[in-house]
Amino acid sequence: MNLQDYERFYFAVYQAFADTVAHLLERSIAAAGDLPKPQSIQARAKTPESLHKRMQETGNLDADVAVVRRDLAGVRIIFYTNNDVDRFLNSSIVFDNFDVDRDATKIHHPVEENGQVRYQAVHYTVSLNEARAVLPEYRDFAGLRCEIQIQTILIHAWAETSHDIIYKIDDREGFGNEALDQIRKRFDRIMDRYLMPAGYEFQRVQQDYERLVAGKQLFDQNLLESLKAAADNNERFDLVSSLSDDLLPLYDDVPSVFPEVVEVLVGAVEAARATTTKPIETPFSTFDGHAAEEIAEKVVEVIDRYRYTAVEEVYLALQRIFVGEAEERIRTKILDAVGHLAQYNLQVWEQVGPDVQRRLAKLIKRQKDCSTETRPLIVETWKELLDAEATGTEWSADAVSWQAGEVPVATVYELRQTAMTALFELFETAVDDRERRLVFHALDNATRTASRSGPSGDFLRQVLIDHAAIISFYTSRAEQISYELRETIEHNALYAYYRTTELLGTKGAAMGCLHQASQLAEAILALRDRFNTDQTFVRYKILVGFEGVMPQQWEDRGFDHAKVDAYRDSQIEAFLDEVDDLSRSTWLEFLERCAATRSDDMATFPKLGQFIVKLSENQPSVAKFLLANGNDDLLRFLPGFLNGLIKSGDHAAYKQSLDEFLARPGHLLSIAVHWRGSSPNDPETLKVLLNRAIEDDDRHAIAECLLFAMRNYPENVPSNDELVRPALRHLIAVKDARWINLAWLPEKTPFFETFEAIDASLILESLVEFPEIPWNGERILSFVAEPYLELVWDFLGRRLQHPSEGGDDVRYEAVPHRFQLLAASLSSDARLAVAKARGWFEEDSSLFGYRGGRVLASIFSGCPPEFAAALVALIDAGTVKDAKFILSVMQNYHGETSTHSVLKALLLKLPDDEGVRAGVSRSLENTGVVHGEFGFVESLRMKKALIEPWLEDGDVRISGFARRQIADIDRRIQSEKRRADAQSALRKLEFDNLDDDADGNREGG
């Protein structure tokens, strides 16, 4: 079809086709119901005159116009706002009614690639789909193409006006070019300065209005009553979310209703706890329903956000939720919410000063509830009232600023004294050290000044006075304070003493606090003397803990950790000289007190253990007495006693104690730990120990025996058939692989030089059930992989096929995200790796890319040449299924140049396979993690640069693919830039509106 044919015969056909496309779109939009109504839908066929001009400009006057022009028929859908455009684009109307030429689809948006052309729209090139094209009324339009343009009315006005002015002036040679350039710049400026901001403003207004409508519907439906009547936790969660996101933000007078809202929210939490979790059924799958903890967490978030609208009600609500909450994570969130409510907030302080804190203090005093259940919240509140700083944040579109300032001490003086008095009472009524430590840390807040700037003289003096009062309180209660807490208090007081003595000179004089600093120093020394009159406490500090203060530290600030450690060692030697048969009962009582200390910190007992070892070595008879009469706390140190007895040379005493405790229940683990520490040359007893542990199912003791063999083989160890294999078989039988947590093997041991395939198989089988492969486990696997690499690959395959992998009930990570120690062995044979993973794919291909494919990509990071060569070899000799396997692996790379040989081989092997072409495209465009608003745009540009060399490939299958791929990337760049520009503009508008509101509030007083 040439120009003459188009003018004579086809112009009318294309006009009718454009009208038909417009009619179909109009009917489809109306039928959808939930789509915005366009401002207008225009249809036209390209006039012969315009077509002649365009083809003359491009030098195609003699070409087939249907080939060179895609827009002979055109339909323009004009919407009011960007939101309307997005909602239409997100619908499937165009794709449901037409065949879309995806390669011809264009997204117009100003980017570097198009010279920042300001025109913005989305253009689809379509034809009638087969179902319509065969109908009689549409038969004349079969095979014709139409361009559908989607844009806003603002862009339409700009495009039409600029088109009429700029592009319809003919023959400008030598005249008006400079003026026309200025006009063009003014059009760009109109777009940038007025139309684009106006479009985003309209978009923002429409979003706010739609949110308002949704909130009004919830308001009309009486959401609170619905929440009270909710049938299950899924409904409750949705209603609480709607209350938080759609109703409360738009309510005109939240303070007036929030007390009622809080009561309903607490009721929802209490009802949720009594409701069984109900699965969520969807057409695609069944998911776990919302648990009571999720309801509580969401409710706490809502209450925290609106905490200042009803201070007393919010505190009492958080207290009610806290009392009934068993989940520690939620309890911590509630504590944080109470802390937020009680803390000095700069923005609140500017409006009401410390009124919130006064109300909370009055409420707690009136409530008179300091039960164990509510105590943590009360302590947290008093702690915040003792803070020296008020803090706050200010947000802008691109940043958040953090502010802090010292609170006026005169204003908060009464609050501080009230809080300290209350905390003193809580300390005295505490039932255990856990409660006392909470109070201690809260009181410690009263000893600090503002940390972001130098304190004022007034506040510093008050802090010194309050600190002295706290120290005096501890001094007066010294006998009621446990040794463990005394250590902490004295340690804290030592460093306070260091800081205080710095104020006893010119620095303190300048701040006007010499007298207060002197009183605090005296109070600290009085505390020291009172604590240390108890000689048992003095001895306790030598043997237990890591916070104990030694006498020299008070006089010598340079008495550092090493000197403290040496001093404690010298005192231990002195203690040993005091131990004999006459004093053994006294030492028994003292050691039982030391052993009664409860701590999860491994630094608590090294010195006590050291003392017990040396005592047993020097005084075997005393050690036997202590073992015979010691309580369960002291017998926790049985390994130390046995380690000392074996060193003593008194074999009879050692053997008697060993046999005695081997026969008594509950001590197998301690004996196994002793074996680890002393390596006795007694394989027979070790076998007995293992057999006893297996009989009692003492898995920790079994693990110690197993690891002793691995560390010490072949010295002092029974054969593998007598120890290692029975131990592993039992752990396999009970599905307990926790032995790997204890497997600290810094170096490869002789065991792994001579172990057999059966041992390797048992080790690997035992680890299949472990939820994840820890660093220790990977080291063991690396030892196994050296002689038995194929077994390790099979082991990984078994883990990937484990029923718990990908399940919801148990967190089971088949393989780590990235191998460290094992990668070298696994990557040593690329062909074996590919063969094993190909087998995994055969077993289960559905999620292979996210499991087995990820494993290969992790091991062969960056797709090294030997791995790429193995994949190419499989492609050359393989099938379509092999190609799918390789694409599942390639999806875990990011289109690096090193992968291109594999991707090209796939295209050459199966050039017509659409699935292969799509997979190669995804592999090339895979971005991984990006940063920043325009991170995807920059990543796509880098992808384009990586693919451009393919255009020079001699094979048209490669170069043709590259051209289509680059065109697609260009479309995605414009689409992503369009999205990012809108997101950035809307966020700035949101914060600009907040600023306007703030200004309005200030103007209105």
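How many residues are of a type in the set (D, E, K, R) and part of a helix (DSSP H, G or I) when one looks only at segment 30-67?
Matching residues across segment 30-67 total 4.
Quick grid of which residues meet (1) under 30 Å from Asp992 (Cβ atoms); (2) modelled with pLDDT of 95 or more:
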residue	(1), (2)
Val356	yes, yes
Glu373	no, no
Glu380	no, yes
Leu385	no, yes
Ala390	yes, no
Ala404	yes, no
Tyr413	no, yes
Thr447	no, yes
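Right, Arg854: over 25 Å from Ile947 (Cβ atoms) and of a type outside the set (S, T, N, Q) or not?
It is false that Arg854 is over 25 Å from Ile947 (Cβ atoms) and of a type outside the set (S, T, N, Q).
Could you list all residues from segment 210-256 that are part of a helix (DSSP H, G or I), of a type in the set (D, E, K, R) and over 22 Å from Ala291 (Cα atoms)?
Glu210, Arg211, Lys216, Asp220, Asp246
Assess whether Gln151 counts as being in a loop (DSSP other than H, G, I, E, B) and either within 44 Å of the chain's Cα centre (by Cα) or among the hydrophobic types (A, V, I, L, M, F, W, C) (or both).
Considered against the rule, which asks whether it is in a loop (DSSP other than H, G, I, E, B) and either within 44 Å of the chain's Cα centre (by Cα) or among the hydrophobic types (A, V, I, L, M, F, W, C) (or both), Gln151 comes out as no.
Results for (1) surrounded by fewer than 16 Cβ atoms within 10 Å (Cβ to Cβ); (2) modelled with pLDDT under 85; (3) not assigned by TED's automatic domain parsing to the domain that holds Ala12, shown as yes or no for each residue.
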| site | (1), (2), (3) |
| --- | --- |
| Leu144 | no, no, no |
| Ile169 | yes, yes, no |
| Asn177 | yes, yes, no |
| Leu180 | yes, yes, no |
| Arg186 | yes, no, no |
| Arg189 | yes, no, no |
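Identify, by number, the condition in (1) loosely packed, with under 15 Cβ neighbours inside 10 Å; (2) under 30 Å from Asn82 (Cα atoms); (3) of a type in the set (A, V, I, L, M, F, W, C) that Ile969 doesn't meet.
Exception for Ile969: condition (1).
Scan segment 283-331 residue by residue and report those that are among the small types (Gly, Ala, Ser), assigned to a helix (DSSP H, G or I) and over 17 Å from Glu263 (Cβ atoms).
Selection gives Ala292 alone.
So, of the residues in segment 194-217 that are closer than 20 Å to Ser162 by Cβ and surrounded by fewer than 16 Cβ atoms within 10 Å (Cβ to Cβ), which turns out to be nearest to the chain's Cα centre (by Cα)?
Pro197
Test each condition in (1) surrounded by fewer than 17 Cβ atoms within 10 Å (Cβ to Cβ); (2) more than 26 Å from Asn629 (Cα to Cα) for Leu527 and report the one that comes out false.
Tallying (1) surrounded by fewer than 17 Cβ atoms within 10 Å (Cβ to Cβ); (2) more than 26 Å from Asn629 (Cα to Cα), Leu527 fails exactly one: (1).
Scan segment 379-417 for residues that are β-branched (Val, Ile, Thr), surrounded by fewer than 15 Cβ atoms within 10 Å (Cβ to Cβ) and touching a residue at least 12 places away in the same chain (Cβ under 8 Å) and report the count.
1
Looking at segment 911-930, can you tell me whether even one residue there is loosely packed, with under 15 Cβ neighbours inside 10 Å, closer than 24 Å to Gly862 by Cβ and basic (Lys, Arg)?
yes
Out of the residues in segment 68-80 meeting the condition of being in contact with a strand residue (DSSP E or B) (Cβ under 8 Å, 6 or more places away or on another chain) and surrounded by fewer than 23 Cβ atoms within 10 Å (Cβ to Cβ), tell me which one is nearest to Gln206 (Cα to Cα).
Taking the candidates together, the pick is Tyr80.
Kindly evaluate Ala229 against the criterion of being among the small types (Gly, Ala, Ser), over 30 Å from Leu154 (Cβ atoms) and in contact (Cβ under 8 Å) with a residue 12 or more places away in the chain.
No, not satisfied.
Spot the failing condition for Val205; the list is (1) of a type in the set (A, V, I, L, M); (2) touching a helix residue (DSSP H, G or I) at 6+ places or on another chain (Cβ under 8 Å); (3) in a helix (DSSP H, G or I), and only one is missed.
For Val205, the failing item is (2).
Counting only residues that are surrounded by fewer than 16 Cβ atoms within 10 Å (Cβ to Cβ) and of a type in the set (A, V, I, L, M), which one in segment 810-834 is nearest to the chain's Cα centre (by Cα)?
Filtering first and then ranking leaves Val810.
Anything in segment 792-802 that is closer than 15 Å to Ile758 by Cα and either of a type in the set (S, T, N, Q) or surrounded by fewer than 17 Cβ atoms within 10 Å (Cβ to Cβ) (or both)? List them, or say none.
Hit for segment 792-802 is Asp794, nothing else.
Go through segment 68-98 and count every residue that is touching a residue at least 12 places away in the same chain (Cβ under 8 Å) and in a helix (DSSP H, G or I).
12
Residues being farther than 22 Å from Leu608 by Cα and exposed (fewer than 12 other Cβ atoms within 10 Å of the Cβ): count how many of those fall in segment 550-565.
Going through segment 550-565 one residue at a time, the tally reaches 3.
Working only within segment 848-872, note down all residues that are in contact (Cβ under 8 Å) with a residue 40 or more places away in the chain and more than 35 Å from the chain's Cα centre (by Cα).
Once the filter is applied, which keeps residues that are in contact (Cβ under 8 Å) with a residue 40 or more places away in the chain and more than 35 Å from the chain's Cα centre (by Cα), segment 848-872 yields only Ala870.
Only one residue in Arg434, Arg452, Arg486 is in a helix (DSSP H, G or I), of a type outside the set (A, V, I, L, M) and surrounded by fewer than 17 Cβ atoms within 10 Å (Cβ to Cβ). Which one?
Arg434
Keeping to segment 924-949, report how many residues are assigned to a helix (DSSP H, G or I) and within 13 Å of Gly895 (Cα to Cα).
12
Would you mind listing the helices (runs of 4 or more DSSP H) fully within segment 842-923 where at least 2 residues are touching a helix residue (DSSP H, G or I) at 6+ places or on another chain (Cβ under 9 Å) and within 27 Å of Gln820 (Cβ to Cβ)?
Fully inside segment 842-923 and qualifying: 852-859, 865-877, 880-890.
So which residues in segment 332-350 are assigned to a helix (DSSP H, G or I), within 18 Å of Ala361 (Cβ to Cβ) and not aliphatic (A, V, I, L, M), if there are any at all?
Passing the criteria: Gly339, His340, Trp349.
I'm checking my understanding of the structure. Among residues of segment 704-733 that are at pLDDT 95 or above and either touching a His at 6+ places or on another chain (Cβ under 7 Å) or loosely packed, with under 13 Cβ neighbours inside 10 Å (or both), which one is farthest from Asn776 (Cα to Cα)?
Among those that are at pLDDT 95 or above and either touching a His at 6+ places or on another chain (Cβ under 7 Å) or loosely packed, with under 13 Cβ neighbours inside 10 Å (or both), it is Asp721.
Given the condition modelled with pLDDT of 90 or more and surrounded by 14 or more Cβ atoms within 10 Å (Cβ to Cβ), answer yes or no: does some residue in segment 47-60 qualify?
Looking for residues that are modelled with pLDDT of 90 or more and surrounded by 14 or more Cβ atoms within 10 Å (Cβ to Cβ), one finds none in segment 47-60, hence no.
Evaluate segment 181-193: report whether one residue or more is under 39 Å from the mean Cα position of the chain (by Cα) and touching a residue at least 12 places away in the same chain (Cβ under 8 Å).
Yes.
Name every residue in segment 745-759 that is within 24 Å of Gln801 (Cβ to Cβ) and either surrounded by fewer than 20 Cβ atoms within 10 Å (Cβ to Cβ) or in contact (Cβ under 8 Å) with a residue 40 or more places away in the chain (or both), in order of residue number.
Ala757, Ile758 - these are the residues of segment 745-759 that are within 24 Å of Gln801 (Cβ to Cβ) and either surrounded by fewer than 20 Cβ atoms within 10 Å (Cβ to Cβ) or in contact (Cβ under 8 Å) with a residue 40 or more places away in the chain (or both).
Restricted to segment 274-293, and to residues that are surrounded by fewer than 17 Cβ atoms within 10 Å (Cβ to Cβ) and of a type in the set (D, E, K, R), which residue is modelled with the highest pLDDT?
That would be Lys278.
The values are calculated or read from the model by the stated rules, or taken from the named source; none is laboratory data. Owing to the predicted nature of the structure, the values given are computational and were not obtained by experimental measurement. Don't worry about glycine lacking a Cβ; one is built from the backbone with ideal geometry, like all the others, and counts go over all protein chains shown.
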